[in-house]
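**Q** Before I ask anything, let me first share the structure, which is written out below as structure tokens.
The values are calculated or read from the model by the stated rules, or taken from the named source; none is laboratory data. Model, not experiment: these values are computed from the prediction. Because the Cβ atoms are built from the backbone with ideal geometry, glycine has one as well, and the counts that use them run over all protein chains shown. What goes into the accessible areas is simple: the full protein's heavy atoms, side chains included, and nothing from ligands, DNA or RNA. Shrake-Rupley method; radii C 1.70, N 1.55, O 1.52, S 1.80 Å.
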Amino acid sequence: MSIAENLTNLEKKIQAVCDRTGRSRSAITLISVSKVFPASCLIEAYQAGAREFGENYVQEFEGKWPEVNELPGSTFHLIGHLQSNKAKKAADLFHCIQTVDSVKLAQRLNEGPHPLDIFLEVKLSEEGSKFGAAPEELAQLIDGVRKCGNLRLRGLMTMPPWSEDPEVARPYFRRLRELADQHGLKELSMGMSHDFEVAIEEGSTMIRVGTAIFGKRVKRTAL
Ligand SMILES: *Cc1c(COP(=O)(O)O)cnc(C)c1O
């Protein structure tokens, strides 16, 4: 199936969960996760209506950037782990960094050339993402980020342990929502190809979908 057909099918599923849960479709942003796929695939998705893209690796996206950065109205999110030494480059290339997990990293991003949207990545389990701040560290992290005038804190992001059964992710999504409520944050970046429906049920405002749009990824060769 083509990228356009995949997007149409996905859109139907998103709409169906919205109908079922009484949520507004406009309250959920779809991020098309294009890691490993070439710029031509992003352009194909763009032509089919996609506007927000997620990439995992700064260097990989730097290679695609000349071909995609001028697509009108497009927004690029870094959703992979960011090392401090690549923060300057990332702040240059992306509009939104979803994996901020330390004040030090926030301060580096704050020195970038333009204002940045950010999410704080939260680690909710040992088996999920290796990265992210612990829930107990959030208050301090939020304080630090709020002192960075170039950064706009939008919400929290998480990556639950992988399981074929999307229900396994539900308690993690619920926990992220509780943490966001506790800290007065509005947005929740959670849900991927296999569990976005559960994530929307649990209040996700931003789903990050790769495989269901671009197809299966073959293992990436080292950069
Ligand atoms: C790759 C990736 C996704 C998309 O995963 P799919 O299962 O292909 O939809 C979402 N979020 C993060 C952080 C990723 O690395």
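**Q** Any idea what the alpha-carbon Rg over 2.2 N^0.38 Å comes to for region 129-223?
**A** Numbers: Rg = 14.9 Å, N = 95, 2.2 N^0.38 = 12.4 Å.
Against the empirical 2.2 N^0.38 Å value, I get 1.20 for region 129-223.
**Q** On to the next question. Ranking request for peptides 141-147, 52-58: highest mean number of other beta-carbon atoms within 10 Å first, then the rest in descending order. List each step's numbers first, then the result.
**A** Working: 141-147: 15.6, 52-58: 21.1.
Result, highest mean first: 52-58, 141-147.
**Q** Taking the dipole about the Cα centre of region 117-171, with the C-beta of Lys and Arg at +1 and of Asp and Glu at -1, give me whichever of L138, L124, W162 is farthest to the positive side.
**A** Selected residue: L138.
**Q** Give the accessible area for D195 in Å² (nearest 10); use a 1.4 Å probe, count only protein heavy atoms, and leave out ligands, DNA and RNA.
**A** Around 10 Å² of this residue is reachable by solvent.
**Q** Show me the trypsin sites (Lys or Arg not before Pro) within region 62-144 that DSSP assigns to loop and that have at most 10 other Cβ atoms within 10 Å of their Cβ. Show your work: numbers first, answer last.
**A** Working: sites: K64, K86, K88, K89, K104, R108, K123, K130; in loops: K123, K130.
Hits after loop and neighbour filter: K130.
**Q** I would also like to ask the following. Who wins for biggest fluctuation among G184, G112, G132 in a Gaussian network model of the chain, springs between alpha carbons below 10 Å?
**A** Highest fluctuation of the listed residues: G184.
**Q** Sequence-distant or interchain residues sharing an amide H contact under 5 Å with G210, placed H: which?
**A** V33, S193
**Q** Let me ask something else about it. How do 205-216, 21-32 rank on mean C-beta neighbours within 10 Å, highest first? Don't jump to the answer; show the numbers that get you there.
**A** Numbers: 205-216: 19.7, 21-32: 15.6.
Peptide ranking by packing, descending: 205-216, 21-32.
**Q** Which entries in K12/K147; K86/K130; K186/K216; K12/K89; K64/K186; K13/K147 show an alpha-carbon gap greater than 29 Å? Intermediate results must be reported in sequence, preceding the final value.
**A** Values: K12/K147 41 Å; K86/K130 18 Å; K186/K216 32 Å; K12/K89 37 Å; K64/K186 31 Å; K13/K147 40 Å.
Where the Cα-Cα span goes over 29 Å, the pairs concerned are K12/K147; K186/K216; K12/K89; K64/K186; K13/K147.
**Q** Something else: In whole Å, how far is the Cα centre of region 165-210 from that of region 34-109?
**A** 21
**Q** Right, something else. What does the accessible area per residue of the chain come to in Å², with a 1.4 Å probe and no ligands, DNA or RNA counted? Please list the in-between numbers first.
**A** On the way: 10790 Å² over 223 residues.
Each residue of the chain exposes 48 Å² on average to a 1.4 Å probe.
**Q** While we're on this one: Heavy atoms only, probe 1.4 Å: what % of the accessible area of region 3-214 goes to carbon and sulfur, would you let me know?
**A** Values: 4560 of 9560 Å².
Of the solvent-accessible surface of region 3-214, carbon and sulfur hold 48 percent.
**Q** Cα-based Rg of the chain per 2.2 N^0.38 Å, rounded to two decimals?
**A** Values: Rg = 16.6 Å, N = 223, 2.2 N^0.38 = 17.2 Å.
Taking the Cα Rg and dividing by 2.2 N^0.38 Å, one obtains 0.97.
**Q** Highest mean first, how do 10-16, 67-73 rank when packing is the count of other Cβ atoms within 10 Å averaged over residues?
**A** Working: 10-16: 14.1, 67-73: 11.7.
The packing order, highest mean first, is 10-16, 67-73.
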